[in-house]
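A quick write-up on the structure given underneath.
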Amino acid sequence: MIIQFLYEDGRSQVHDFLQSIRFQAEADSDYAHTFEGMMKVIAHLHQMKWLPYNLKNYWISLKTTNGYKKFHPLQSIPSPSYHLKLYEIRYNHIYSTDPRTLHWGARIFFFRERINKQQVLFLTRALMVYDTLDLELNRKSEELYEVCRQLSFEIYIDFLENPSKYLLRGNDS
């Protein structure tokens, strides 16, 4: 399977998001666990030949550094149109050192297409989501989630109309 970060104006929001987590991981164990988990999930997807057609109940099981299994869902996102199939990778980091945060996690939106007999996952947007004791922060987290979801649908529609704009060519990968 090929995993491709989508670039707009020379930048990939998902790549920048992951780099930001990696940078914060140097000083914060929560971010370190999140970065490690997201990289394991992405590596697992990359090693797969094909994602199953129905991702409603699809879970990735990975071992944590302390040997426990942790399950990460791949979920289908409700679509404004029946033919648009947008998904999200969820990495939930349940425990936090911040007593105000109940739990949090990372989300990466993607769509998939078959190109030259291979499945390609196009990573569109990523964000952190929070469940905290602060209702205002929860509301902002939900709003950001909706913005990322909507932007991902717009990117997907643009991809369907002009795929060559997004496909890697030659040595671009």
Checklist entry - Fully extended, how many nm does the chain gain between ASN138 and ASN116 (0.36 nm per residue separation, minus their Cα-Cα distance)? => result 3.7 nm
Checklist entry - Contour minus end-to-end for LEU51 and ASP16, with contour as 0.36 nm per residue of separation and end-to-end as the Cα-Cα distance? => result 10.1 nm
Checklist entry - What's the FRET efficiency of ALA32 with GLN150 using the Cβ-Cβ distance as r and R₀ = 30 Å, to the nearest 0.05? => result 0.45
Checklist outcome for this item: Everything considered on the Cα gyration tensor (a ≥ b ≥ c; rounded for a/c under 1.5, else prolate if a/b is larger than b/c, else oblate), the stretch 1-44 must be described as oblate
Checklist outcome for this item: Given pairs LYS40/LYS140; LYS49/LYS85; LYS49/LYS117 and cut-off 22 Å on Cα-Cα distance, the over-length ones are LYS40/LYS140
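Bear in mind these aren't lab numbers, they're just calculated from the coordinates by the rules spelled out. Just so it is clear, the structure is predicted and the values come from calculations on it, not from any experiment. Neighbour counts are summed over all protein chains in view; Cβ atoms, including those assigned to glycine, are modelled from backbone coordinates with ideal geometry.
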